[in-house]
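A.B. asks: Dropping the structure in here first, questions after.
The values are calculated or read from the model by the stated rules, or taken from the named source; none is laboratory data. Since the structure is predicted, the reported quantities are computational estimates derived from the model, not experimental observations. Positions of Cβ are generated from backbone atoms using ideal geometry, with glycine treated the same way; all protein chains shown enter the neighbour counts.
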Amino acid sequence: MRTECNAAAMQLTNFVILGRGSVRGRQECVIKSEDPNKRSQRVRLAQSIRADRGLSKDCTSEASGGAACTMSKLMRLSKKAPEGWDIILDTLEMFDNRMKDAVNESHEGKRKHETKWPIHRINNERTRYVYEMHYQKKEISRELLDFAIREKVVDGNLMAKWKKPGYEFLCSVAAINKGSTNFGTTSVCRVPLRLRSGKIGPSTETGCISCASCDKGAPIWWNSTMDDKSKAGGGKRAAAEEEVDEELERRVAALRGDGGGSDAKRARTD
């Protein structure tokens, strides 16, 4: 039987042998000989158990000598979450997977600030989902809402801003952080579209075109479609504003470069 140790274990073992540490800290790293077929069967069984218990799939298998697997954050919270957690768990896991994809997405061909845009949008939509589940649909309790905020499942600071007049559709708290701009002002997405002149573009900080409460479908993101913006208001606000504002459609179409701006302008002049 052969004994193999990594560098850290060998160093610790030597450290103890020299008498400069506690014997309790000594590490043994003996790898026992085992039939490869039995080992592979044992590993597959362990992986299936991990999957049934909701453990992370990207943990290192025992066959490669990796560390122990860890349970996902949302699954760990299930053990102490208030009643109603199972109602929002599946949707939260969906947002969690989207966030992981956004973080791991390749940055090739993108500007530095553009890599953060999907993260701001996913954070906004995830927080808005829990916010509406409590305040509008009344499907989760106040206790569960506070739990989600306390465990940082949603953005509590952003949710607090939505309760203030004029900030009902704020895209991100970064948009009102005056310390992050060159002139000590809020992001351009806070300015209503009708008050802007020249080329309309998204905020370099968040990727939001407009999150002003007076703009239809706010927040309007850099990759939003007209259907998204017409539905984003939700509830009574969307029903009362069935027609999409022509000026907004013309400017967003011009921003996307699909040629829709010139057609809308000719339609208005005719």
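A.B. asks: Can you tell me which residue within segment 217-226, out of those that are in a loop (DSSP other than H, G, I, E, B) and not polar (S, T, N, Q), is surrounded by the fewest Cβ atoms within 10 Å (Cβ to Cβ)?
C.D. replies: My answer is 222.
A.B. asks: Considering only segment 128-145, I want to know if a residue exists there that is closer than 28 Å to residue 78 by Cβ, polar (S, T, N, Q) and either at pLDDT 95 or above or surrounded by fewer than 21 Cβ atoms within 10 Å (Cβ to Cβ) (or both).
C.D. replies: First pass over segment 128-145, keeping only residues closer than 28 Å to residue 78 by Cβ: 128-145.
Filter once more, keeping what is polar (S, T, N, Q): 136, 141.
Of the ones still in play, those that are also either at pLDDT 95 or above or surrounded by fewer than 21 Cβ atoms within 10 Å (Cβ to Cβ) (or both) are 136, 141.
Checking segment 128-145: at least one residue is closer than 28 Å to residue 78 by Cβ, polar (S, T, N, Q) and either at pLDDT 95 or above or surrounded by fewer than 21 Cβ atoms within 10 Å (Cβ to Cβ) (or both).
A.B. asks: Just to be sure before I move on: is residue 206 assigned to a loop (DSSP other than H, G, I, E, B) and modelled with pLDDT under 90 in the structure I sent?
C.D. replies: Numbers: assigned to a loop (DSSP other than H, G, I, E, B): yes; modelled with pLDDT under 90: no.
It is false that residue 206 is assigned to a loop (DSSP other than H, G, I, E, B) and modelled with pLDDT under 90.
A.B. asks: Of 189, 171, 214, which residue is assigned to a loop (DSSP other than H, G, I, E, B), under 22 Å from the mean Cα position of the chain (by Cα) and not basic (Lys, Arg)?
C.D. replies: Going through 189, 171, 214 in turn, the sole match is 171.
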